[in-house]
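Trainee: Sharing a structure below in structure tokens format, with a few things to ask.
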Amino acid sequence: MPAEILPTHTPTLSATAVARTVSVLRSGGVVAVPTETVYGLAANAFSASAVEAIYVAKGRPAHNPVIVHVASAALARECCAAWTPLADRLAARFWPGPLTLVLPRSERIPDVVTAGGPTVGIRWPSHPFMQAVIRECGFPLAAPSANPSDRLSPTCAEHVAQGLGERIPLIVDGGQCAVGIESTVVDVTGPFPRILRPGVITAAQVADAAGPDTRESTAAPAAPTGGGPLRSPGQLTRHYSPRARLRVLDWADDSDLARQIATELSGGRPVHILTHTRIPSAERFPNVSFIPDDPEAFARAFYGYLHDCDARGAALIVVESLPPGDEWDGIRDRLRRASAG
Ligand code: TXA
Ligand code: MG
């Protein structure tokens with residue numbers, strides 16, 4: 001049976017959706033819920049069996065830990081064994097919001113959440129629906145993105161329904177996600193913040209909030225470590241991927257673009273092009289979309305665009321290469337992963 005979809009666009013509908021969601025979560029079930037970054041597939045983070053149901057629904061590998069969502073500083077502290085001054089500074093600046101802090105886990109967090117590792121990723125989302133549900137539940141919510149493992153993250157309820165609609169009972173429709181890509185993940189277990197996954201909160205903003213004594217170490221993303229639980233999803237080479245092949249290209253003019261496309265794809269198969277500065281001619285390239293040259297607008301629209309290309313049967317997606325600057329790092333990272341392999 002396909003998932004039931006509950007709307008939230010009036011106060012009454014929202015209250016009903018909160019009550020239904022809380023009731024499913026309290027009985028150990030999973031619910032797809034809106035957050036400001038991407039939709040999440042939520043379960044009680046203190047219950048190993050509830051979190052196992054997330055892994056089953058997603059087909060997620062057991063070595064990939066899930067993020068735990070809280071709605072207060074007190075609940076965040078219940079999830080970790082040690083709360084560091086660095087965590088305090090970053091939480092004060094960016095919570096609630098699209099930032100995940102990696103800290104030593106407390107004994108309340110089961111192994112399945114952390115993939116057996118010693119740390120837990122914690123986030124206080126700003127989305128009012130998530131906050132209402134977490135407060136009402138009284139327990140934190142483990143929630144990875146609500147998509148089958150290795151596919152694109154969903155930024156609206158329709159994306160969730162397409163990917164997981166036959167595998168979960170309930171989807172809450174909170175509209176389009178305002179941020180559009182997953183949170184920035186920062187390891188704060190040591191004296192310096194280490195960016196494990198870039199997002200819309202930039203390395204420079206993290207360094208600024210962390211303070212001058214910790215500044216120089218935020219620049220380089222953490223190197224992947226072999227074996228054990230993943231420290232960040234970057235170690236899954238192909239991740240956040242559309243079904244179509246994706247290439248990031250730069251081109252001089254339409255003929256140059258056509259030539260580059262021809263080396264990627266045999267003639268006649270559908271090519272979709274995403275630009276932010278150049279507009280190729282509509283006669284030669286019928287499927288061109290434009291997202292303004294602004295990292296926030298780009299992040300908000302990007303996954304929706306890729307979902308759309310897949311739905312329309314694109315064989316190749318060409319994305320115009322991005323400008324320099326760390327405000328583009330989150331999108332650059334997702335493009336790199338989507339174009340791997
Ligand atoms: O914006 C987001 O973070 C969304 C929404 C739903 O909150 N969630 C999300 O979760 O993107 P997920 O599970 O798709 O990605 C979480 C990533 C994992 O791939 C994992 O590698 C990293 O965060 N992560 C989670 N816990 C970690 C930990 N203890 N140490 C290092 N990385 C961790
Ligand atoms: Mg994910």
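Trainee: In a GNM of the chain with a 10 Å cut-off on Cα contacts, which of 32, 132, 262 has the highest mean-square fluctuation?
Mentor: Ranking 32, 132, 262 by mean-square fluctuation puts 262 first.
Trainee: Follow-up question, since we're still on this one. Could you tell me what a quarter of the Cα convex hull surface of the stretch 98-178 works out to, in nm² with one decimal place?
Mentor: Averaging across all directions leaves 6.2 nm² for the Cα convex hull.
Trainee: Which shape class applies to the stretch 22-106: rounded if a/c is under 1.5, otherwise prolate when a/b exceeds b/c and oblate if not, where a ≥ b ≥ c are the square roots of the Cα gyration tensor eigenvalues?
Mentor: prolate
Trainee: Related question: Where only protein heavy atoms count, and the probe is 1.4 Å, what is the accessible area per residue for the stretch 1-126 in Å²?
Mentor: It amounts to 38 Å² per residue over the stretch 1-126.
Trainee: How far, in nm, would the chain grow between residue 135 and residue 321 when pulled straight, counting 0.36 nm per residue and subtracting the alpha carbon separation?
Mentor: 62.7 nm
Trainee: Also, I was wondering about something else. Please compute the Kirkwood hydrodynamic radius of the chain from all pairs of different C-alpha atoms, in Å with one decimal.
Mentor: After inverting the pairwise mean of 1/r, the radius is 20.6 Å.
Trainee: To continue, here is another question. Suppose only helical runs count, i.e. DSSP H with n ≥ 4. What mean residue ellipticity at 222 nm does that imply for the chain under -39500 (n - 2.57) per run, divided by all residues and rounded to the nearest 500 deg cm²/dmol?
Mentor: Taking each H run of at least 4 residues, the total per residue is -9500 deg cm²/dmol.
Trainee: Follow-up question, since we're still on this one. Quick one: which residues, 5+ away or cross-chain, put their amide H under 5 Å from the amide H of residue 67? H built at 1.01 Å from N.
Mentor: It is 143, by chain and number.
Trainee: Carbon and sulfur atoms: what percent of the 1.4 Å accessible area of the chain do they account for?
Mentor: 55
Trainee: Quick one: if the Förster radius is 51 Å, what FRET efficiency do residue 13 and residue 252 give, using the C-beta to C-beta distance and rounding to 0.05?
Mentor: That pair, residue 13 with residue 252, gives E of 0.50.
Trainee: Continuing with the same structure: Going by accessible area, probe 1.4 Å, with all protein chains left in place, what is the ranking of 37, 119, 277, largest first?
Mentor: My answer, sorted largest first, is 277, 119, 37.
Trainee: Moving on. Cα axis of helix 85-94 to longest principal axis of the chain: angle in degrees, 0 to 90, nearest 10?
Mentor: 60
Trainee: Let me ask you something else. Among 281, 149, 106, which one shows the highest mean-square fluctuation when the chain is modelled as a Gaussian network with alpha-carbon springs under 10 Å?
Mentor: Largest GNM mean-square fluctuation: 281.
Trainee: Could you tell me the distance between the Cα centroids of the stretch 292-330 and the stretch 1-74, to the nearest Å?
Mentor: First find each Cα centre; the distance between them is then 27 Å.
Trainee: Between residue 27 and residue 84, what is the spin-label point distance in nm, taking each point 7 Å from the Cα along the Cα→C-beta axis?
Mentor: The answer from the label model is 4.2 nm.
Trainee: Using only the alpha carbon atoms of the stretch 115-222, find the Kirkwood hydrodynamic radius as the inverse mean reciprocal pair distance, in angstroms to one decimal.
Mentor: About 16.2 Å for the stretch 115-222.
Trainee: How large is the charge dipole for the stretch 245-338, taken about the Cα centre, if only the Cβ atoms of Lys, Arg (+1) and Asp, Glu (-1) carry charge, to the nearest 20 debye?
Mentor: Here the stretch 245-338 has a charge dipole of around 480 debye.
Trainee: With a probe of 1.4 Å, find how much accessible area the stretch 245-338 has per residue, and write the answer as a whole number in Å².
Mentor: Solvent-accessible surface per residue comes out at 46 Å².
Trainee: Still on this structure, I have one more. Trypsin sites (Lys or Arg not before Pro), restricted to the stretch 266-313: which are DSSP loop and have at most 12 other Cβ atoms within 10 Å?
Mentor: Here the trypsin sites (Lys or Arg not before Pro) that fit, given the DSSP loop and packing criteria, are 284, 312.
Trainee: With r as the distance between the Cβ atoms of residue 266 and residue 108 and R0 = 45 Å, compute the FRET efficiency 1/(1 + (r/R0)^6) and round to 0.05.
Mentor: 0.25
Trainee: With only alpha-carbon pairs counted, each pair once and no self-pairs, how large is the Kirkwood hydrodynamic radius of the stretch 240-341 in angstroms?
Mentor: Its Kirkwood hydrodynamic radius stands at 13.8 Å.
The values are calculated or read from the model by the stated rules, or taken from the named source; none is laboratory data. All of these numbers come straight from a predicted model, not from anything done at the bench. Every residue, glycine among them, receives a Cβ derived from its backbone with ideal geometry; neighbour counts consider all protein chains shown. Just so you know, the surface numbers come from the protein's heavy atoms only, side chains and all, with ligands and any DNA or RNA stripped out. Shrake-Rupley method; radii C 1.70, N 1.55, O 1.52, S 1.80 Å.
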